[in-house]
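For reference, the structure is listed below as structure tokens.
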């Protein structure tokens, strides 16, 4: 057996298309059967023509003709060869490299197993700090509806954007662990969502797998709550509880390393109280338990940390606050 040979089949079978879409901030809508439908990320698509079969783990755009499997998708998005795409996926989602038997020199070419490629996993290029800041308005009716007062909005730099990529959205600054501004996320707040648009938008090229939202403010704390979204972090901050957000439901290898390196010892999992959130929480629990003291808190059905009643949330997090 020879170490370092990449088993492409194993990697493709170990990651779901939902994980990959979530990593890129792409939110497709359910279509027929096991299919998802949305705007194609590979061309200027105005009418949803991009389909993903989550069961077969393949995609096809009926507009530009792009198609393939999970690795083909990543290769297109990152503009890299398929080998590099496999290594990236392995690194992002912790699929690992399996040891597979090297081809024997005694075999004839027709008998030799498929050639496996070997390479070290190259580091992912970090998100580059932005060279600009958006002019945002910290007062907007939507923020008031979410219980976010102007002072809290200013603390996190959140506000309404009326121009550019995040136009008609509440923009949320995202910083890396060192406090450098690397991106803005945008939450649509201006009436009916236009066809083809997603509720949340992330800028092209932003690698959210390299960042945990709000970690720059709470690094060094030994006890943190891990949630899905931005507004859940704000809600917990108001209650005096330190939290970071995945900006989704998947935890990358890089994000896990960030938690370890920032000094976290006690971690409370508090993902949304819906089927995807519960499934993600169940999958993350044993993985995180290898590195942290983990408490798994289950929210009532259909709620998230930002919508559950404050008294109920405080009771659920009594252990987190050291009261039990």
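Where a number appears in this text, it was derived from the coordinates with a stated rule and is not lab data. Note that the structure is a prediction, hence the values are computed from the model and not measured. In this analysis, Cβ positions are derived from the backbone assuming ideal geometry, glycine residues included, and neighbour counts consider all displayed protein chains.
Estimated at 0.36 nm per residue, the fully extended path between residue 301 and residue 279 surpasses their Cα-Cα distance by 6.6 nm. Report summary: the helix-based calculation at 222 nm, which adds -39500 (n - 2.57) for every DSSP H run with n ≥ 4 and divides by the residues of the chain, gives -7500 deg cm²/dmol.
Taking a ≥ b ≥ c as the square roots of the eigenvalues of the Cα gyration tensor, the stretch 128-206 is oblate, since a/c reaches 1.5 or more and a/b is not larger than b/c.
Expressed to the nearest 5 percent, the antiparallel share of DSSP beta bridges inside the stretch 204-315 is 10 percent. For the chain, the relative contact order is 13 percent, taking Cα pairs closer than 8 Å that sit 6 or more residues apart in sequence and dividing their mean separation by the residue count.
Find the relative contact order for the stretch 128-206 and round it to a whole percent, using C-alpha pairs within less than 8 Å whose residues are 6+ positions apart. Dividing the mean separation by the residue count of the stretch 128-206 yields 23 percent. Could you pull out which residues in the stretch 31-60 have an amide N less than 16 Å from a spot 7 Å beyond the Cα of residue 195, following the Cα-Cβ vector? Only 37-40, 45-50 fall inside the zone, counting backbone N under 16 Å. Neighbour counts of other Cβ atoms within 10 Å put 178, 162 in the fewest-to-most order 178, 162.
How high is the FRET efficiency between residue 168 and residue 290 when r is their beta carbon distance and R₀ equals 51 Å, given to the nearest 0.05? Calculated transfer efficiency: 0.75. Across the stretch 8-93, how large is the tail of the calculated P(r) beyond 17 Å, expressed as a percent of all Cα pairs? Pairs farther apart than 17 Å: 42 percent. Sorting 92, 188 from the fewest to the most surrounding beta carbons within 10 angstrom yields 188, 92.
Of 183, 31, 171, the residue with the greatest mean-square motion in the GNM of the chain, using alpha carbon springs below 10 Å, is 31.
With Cα atoms as the point set, the radius of gyration and Dmax of the chain evaluate to 21.2, 73 Å. Can you grab the distance from the C-alpha centre of the stretch 26-63 to the C-alpha centre of the stretch 127-146, Å, no decimals? If we compute the Cα centre of each part, the gap is 30 Å.
Nearest 0.05, what FRET efficiency do residue 130 and residue 217 give at R0 = 22 Å with Cβ-Cβ as r? According to the calculation, E is roughly 0.80. Of 49, 222, the sequence from fewest to most neighbouring Cβ atoms within 10 angstrom is 222, 49.
When each of the peptides 127-135, 203-211 is scored by the mean number of other C-beta atoms lying within 10 Å of its residues, the order from highest to lowest reads 203-211, 127-135. Among 304, 168, 272, the largest mean-square fluctuation in a Gaussian network model of the chain, built with springs joining Cα atoms closer than 10 Å, belongs to 168.
Highest mobility in the GNM of the chain, judged by mean-square fluctuation with C-alpha springs under 10 Å and restricted to 44, 198, 18, is found for 44. At an R0 of 25 angstrom, the distance between the Cβ atoms of residue 29 and residue 64 translates into a FRET efficiency of 0.85. The convex hull drawn around the Cα atoms of the stretch 209-324, when projected onto a plane and averaged over every direction, covers 6.3 nm².
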